[in-house]
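What follows is a short report on a single structure.
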Amino acid sequence: MEKKKVILDVDTGSDDAIALIAAMANPDFEVLGITTVNGNRAVPITTENSLRISELMGGTVPVYQGCALPWTSCMLGLRKNYPQYEAPADAKYRNIHGTYIDQCPKATKKAEDQNAVSWLVDTLMAAEEESITLIPLGPLTNIAHAIRIEPRIVSKIKEVMYMGGGFRIGNKSALAEFNVWLDPEAAQAVLDAGIKNFTFVPLDATHQAYLTKEDAARIRAIGTRPAEVVADLVDQRIFGYSSWQKVEVEDAAPIHDPLCVAALVDPTVLVDVMDAPCVVDCGRGSAYGVTMFDILNGRMEAKEPNCKVALHADRQKYVDILCQLLENTKK
């Protein structure tokens, strides 16, 4: 079977790191590259974290550093850049992400010389029609820039599986999800580009994709270094959520980003997937960054659907997929 060609566009914190490990552990994926963006942390940190994970998994997947600022919203004083948090050295488990992925040593390699946006354009333009799957797990800044530079890359994209947005749930405001909120204009530009198969995996689904301490122990029992790193990161997230962002299930935490990888392994892990028109609020008011999904398909001036949105997830299937992928690291 031909491998699925994928590119991961990440702002690597704890859950991005797990997603990268899962993707690179999948023998059915050909990971062409990792592109990094400002998000959970400043882009030099997300790049270093991505390099650490790439080296953990053999160091064969190149990392390209991308945009340090949102697409347009920092221009003309319209918006200040998002302040980046760096966890104190003695408090790495008090924050869901920490600063660096301390479970891995400092990377010995550097990012590639080519910028992520330029590499995306070159790679997609050299590809066959509808042949590459994008897995964006942070703000869509890099992809928006690439499409603006060369709109023809859209036809080379087979699908986009995006961890972003919220239907009934927000985590940056009442309804705005962080990845979209950090660069709403980029998200809207990508939605407007005409990508044929764009799926939002929003907080509504990822909050059901939680892992427990028991799940972390199951992963740790796999016995490989990548599995140990994943288990440590899950435990870190559980501690972080229990400290300041409690979830309904005790001793558990949502592991957002790897759900996109799992959905490309088995689409049935996403439940109640609906076609919908989506508009991102870019008005800089109280709804700034909110993704408005018209799941009734008719309230937004009868616009045609421009995406799919998954409203739920099968938690146990998700955990099983992650464990199955990590079992591959024994080989």
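Some observations on this one:
For (1) modelled with pLDDT under 90; (2) of a type in the set (A, V, I, L, M, F, W, C); (3) more than 22 Å from ILE149 (Cβ to Cβ), each residue gets a yes or a no:
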{"position": "THR72", "(1), (2), (3)": "yes, no, no"}
{"position": "LEU76", "(1), (2), (3)": "yes, yes, no"}
{"position": "LYS80", "(1), (2), (3)": "yes, no, yes"}
{"position": "ALA87", "(1), (2), (3)": "yes, yes, yes"}
{"position": "ILE96", "(1), (2), (3)": "yes, yes, yes"}
{"position": "THR99", "(1), (2), (3)": "yes, no, yes"}
{"position": "ASP102", "(1), (2), (3)": "no, no, yes"}
{"position": "THR108", "(1), (2), (3)": "no, no, yes"}
{"position": "GLU130", "(1), (2), (3)": "no, no, no"}
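Residues checked against (1) without any contact (Cβ under 8 Å) to a residue 40 or more places away in the chain; (2) under 25 Å from PHE198 (Cα atoms):
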position: ALA227; (1), (2): no, no
position: GLN236; (1), (2): no, no
position: PRO254; (1), (2): no, yes
position: PRO267; (1), (2): yes, yes
position: ASP272; (1), (2): no, yes
position: GLY289; (1), (2): no, yes
position: LEU296; (1), (2): yes, yes
position: THR329; (1), (2): no, no
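- Across the stretch 28-47, the number of residues qualifying as without any contact (Cβ under 8 Å) to a residue 60 or more places away in the chain, hydrophobic (A, V, I, L, M, F, W, C) and closer than 20 Å to ALA186 by Cα comes to 3.
- Scan the stretch 104-125 for residues that are touching a helix residue (DSSP H, G or I) at 6+ places or on another chain (Cβ under 8 Å), assigned to a helix (DSSP H, G or I) and closer than 23 Å to MET57 by Cβ and the total you get is 2.
- Annotation: of all residues in the stretch 294-322 being at pLDDT 95 or above and out of contact with any helix residue (DSSP H, G or I) (no Cβ under 7 Å at 6 or more places or on another chain), the one that is nearest to ALA176 (Cα to Cα) is VAL309.
- In the stretch 1-40, the qualifying residues are those that are surrounded by fewer than 24 Cβ atoms within 10 Å (Cβ to Cβ) and in a loop (DSSP other than H, G, I, E, B), and the one that is modelled with the lowest pLDDT is MET1.
- Residues of the stretch 159-174 classified as outside any loop (DSSP other than H, G, I, E, B) and touching a residue at least 40 places away in the same chain (Cβ under 8 Å), total: 4
- Test: residue in the stretch 194-212 that is closer than 18 Å to SER14 by Cα, small (Gly, Ala, Ser) and assigned to a loop (DSSP other than H, G, I, E, B): yes
The values are calculated or read from the model by the stated rules, or taken from the named source; none is laboratory data. Everything numeric here is computed off the predicted structure, so don't read it as measured data. Here the Cβ is made from the backbone with ideal geometry for all residues, glycine too, and neighbour counts use every protein chain on show.
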